[in-house]
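Only one structure is covered here, and it is reproduced in the block below.
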There are 2 protein chains.
Amino acid sequence: MKIIIVGATGTIGKVVSAELKKRHEIVIVGSKSGDVQVDINSKASIEKLFETVGNFDALVSTTGSAFFGPFSELTEERMYEGIRSKLMGQVNLVLEGRKYIKPNGSFTLTSGILAEEPIKMGAALSMVNGAINSFVIGSSVELENQVRINAVSPGVVEDSRDFYGPYFPGHIPVPMEKVVAAYVKSIEGAINGQIIKVY
Amino acid sequence: MKIIIVGATGTIGKVVSAELKKRHEIVIVGSKSGDVQVDINSKASIEKLFETVGNFDALVSTTGSAFFGPFSELTEERMYEGIRSKLMGQVNLVLEGRKYIKPNGSFTLTSGILAEEPIKMGAALSMVNGAINSFVIGSSVELENQVRINAVSPGVVEDSRDFYGPYFPGHIPVPMEKVVAAYVKSIEGAINGQIIKVY
C-alpha cells in the first residue's frame, strides 16, 4: 500500500512509520521535514499536499496540538488553536484526502484519552479529542468506495512519560508497541468507524 | 434559583423553561425573542448577555445548530458553522458565564445522540456533539467554587419526530418528560462532569 503519514516526525508518528515501512510504501509528511511538508492549520496547504502526493491507499494522521493549561486561562481564542490544528487539521485531511484515496482505502486519525478522562489543564484537548472521535463515528457511514475511517485514542505513551507523566497522575503509561498495533489494526484490518482505545 | 435558559424558545428549551418556571426565577434568552436576546455565534453578544443579566445560579443551554446534509457536501466552512454555533456558542456561555455564576451553581449544555451513534448526513453534528461532551468532562475538574457542569445528550424527541424521525430510522423517539428530567437532574442534583444520555 501507499501510505501517507502526516505527523511522521512526532513521538508516535516516527514509530508508526518505522513499522509500516517494513511492508508498505511510505510518504513521510512533517511540518518542516519529511518527504513533503504541510501546514496542518491550512486547508490550502493540505490541498497542495494531496496534489503533490496524488492517489494513495491509506492516510495516517498523528498530528496536531491544542492548548494545554489551566481552565482559568482558557479563552475562545485558545479553544480555536486546537480546533484549527488537531481537530480541523485532521478533518481537512479527510475532506481533501477523500478526493485522492483509492477504493478500499482508510483514514486513521489520532485523538486521545482526554476525550473521556479529565485531567487538570486538559479541557481544550478533551474537547478536541472528543470531536475527533465523534467525527470518525459520524463520517464512517457515508464514506464511498469502501473507504474506512478510524481513530486511535492513546493514553500517555511510555516514550513521553517523562514529559507528560506528571500531568497524568495515576495513569499507567502505554507501551508504544500497543499504540503502533492500533494503527496497524486500522490500516491493515477491516474495521470502520471505531475508536481504538489504547489505555 | 435564578436560572438563565439560552435557547428557551426552541423545541426542548420551551418545555424545560415551563418546568423550571414552577419553582425558579427564569431568564428566557432567545435569538430574537425572550427577556434578553443573544447571538450565540458572537462572543461579544454573549458578554453583553451576562452584563445585562448579572449573577445567576444556573445556566441551561439548549441552543445552537450544525450543518445537516450529505457527507459528500461537507466542507471546512460547513464544519465551522457548527463549531461557531452549537459548539463554541455553548463553550463561550461557560467561559464568559463563569465570571458571573454564583458558588454551587451549574452549567447544563446540550449535545445529542449523534456523538456516539452515526446517521447519514450527521457527521458535522456528530463532531460537534462529541466535542461538547468531552468539553464537559474536561472542564468539570477545574471549575471553581463548587460550580458544576453537565451535558444532556438527547435522542430524537417525540415533539420533533415528524420533522427529524425520517432521518433516524429505527430510533425510538424519547418522551419529552425524560428529556426535561435530565435537565432537572443536572440543575437541582449534585452530579458533575456527566453526560446524561436520554436514549
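Take the alpha carbon gyration tensor of the range A:65-199, find the square roots of its eigenvalues, order them as a ≥ b ≥ c, and report rounded if a/c is under 1.5; if not, report prolate when a/b exceeds b/c, else oblate. Spell out each step's value before the answer.
On the way: a/c = 2.57, a/b = 1.41, b/c = 1.82.
The shape class here is oblate.
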* Asked: Which whole-Hz ³J(HN,Hα) couplings does the range A:166-173 yield from phi under the Karplus relation 6.51 cos²θ - 1.76 cosθ + 1.60, θ = phi - 60°, glycine and proline marked x?
  -> x, 7, 10, x, x, 7, 8, x
* Asked: For label points placed 7 Å from Cα toward Cβ, what is the shortest-first list of nm distances from residue A:120 to its copies?
  -> 5.0
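Looking at the range A:1-152 from every direction and averaging, what is the projected area of its Cα convex hull in nm²? Before the final figure, lay out each step's value.
Working: hull surface 35.0 nm².
If you wrap the Cα atoms of the range A:1-152 in a convex hull and average its projections, you get 8.7 nm².
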* **Scattering curve values for the protein assembly as shown, log₁₀ I(q)/I(0), Debye with Cα scatterers, q = 0.06, 0.07, 0.12 Å⁻¹** => -0.23, -0.32, -0.90
* Structure fact -> Interchain or sequence-distant (5+) residues whose placed amide H lies within less than 5 Å of the amide H of residue A:63 are A:110
* Amide H to amide H, which residues 5 or more places from residue A:106 or on other chains are under 5 Å from it, using H placed in the peptide plane? -> A:58, A:59, A:148
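With +1 on each Lys and Arg Cβ and -1 on each Asp and Glu Cβ, and nothing else charged, work out how big the dipole of the range A:148-199 is about its Cα centre, in Debye to the nearest 20. Could you put the intermediate results ahead of the total?
On the way: 5 positive and 5 negative charges, 50 e Å.
With Lys and Arg at +1 and Asp and Glu at -1, about 240 debye.
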* In percent, what relative contact order does chain A have, based on Cα pairs under 8 Å that are 6 or more apart in sequence? -> 19 percent
* To do: Would you mind listing the distances between the residue A:100 label point and the same position in each other copy? Use 7 Å along Cα-to-C-beta, nm, one decimal, shortest first.
  => 4.7
* Distances from residue A:31 to the same position in the other copies: list them in nm, one decimal, shortest first, using label points 7 Å from Cα along Cα→Cβ. => 3.5
* To do: Report the net charge of residues surrounding residue A:153, where surrounding means a beta-carbon distance below 13 angstrom and charges are Lys +1, Arg +1, Asp -1, Glu -1.
  => +2
* Please give the solvent-accessible surface of residue B:162 in Å², to the nearest 10, using a probe radius of 1.4 Å with every protein chain present. => 140 Å²
* With all protein chains modelled, accessible area of residue A:171 [1.4 Å, Å²] -> 50 Å²
* Whose amide H sits under 5 Å from the amide H of residue A:198, counting only residues 5 or more places off or on another chain, with H placed in the peptide plane? -> A:153, A:155
* Structure fact -> Per the helix-only model, chain B has a calculated mean residue ellipticity at 222 nm (DSSP H runs of ≥4, -39500 (n - 2.57) each, divided over all residues, rounded to the nearest 500) of -10500 deg cm²/dmol
* What's the lysine pair count for the range B:2-198 at a Cα cut-off below 16 Å, pairs eight or more apart or interchain? -> 15
* Asked: Residue by residue through the range A:62-75, which ³J(HN,Hα) values in whole Hz follow from phi under the Karplus form 6.51 cos²θ - 1.76 cosθ + 1.60 (θ = phi - 60°), with glycine and proline marked x?
  -> 10, 10, x, 9, 8, 4, 10, x, x, 4, 5, 9, 5, 10
* Asked: Residue by residue through the range A:55-60, which ³J(HN,Hα) values in whole Hz follow from phi under the Karplus form 6.51 cos²θ - 1.76 cosθ + 1.60 (θ = phi - 60°), with glycine and proline marked x?
  -> 4, 8, 9, 8, 10, 10
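The values are calculated or read from the model by the stated rules, or taken from the named source; none is laboratory data. The model shown is predicted, which means the values in this text are computed figures rather than measured ones. Positions of Cβ are generated from backbone atoms using ideal geometry, with glycine treated the same way; all protein chains shown enter the neighbour counts. What goes into the accessible areas is simple: the full protein's heavy atoms, side chains included, and nothing from ligands, DNA or RNA. Shrake-Rupley method; radii C 1.70, N 1.55, O 1.52, S 1.80 Å.
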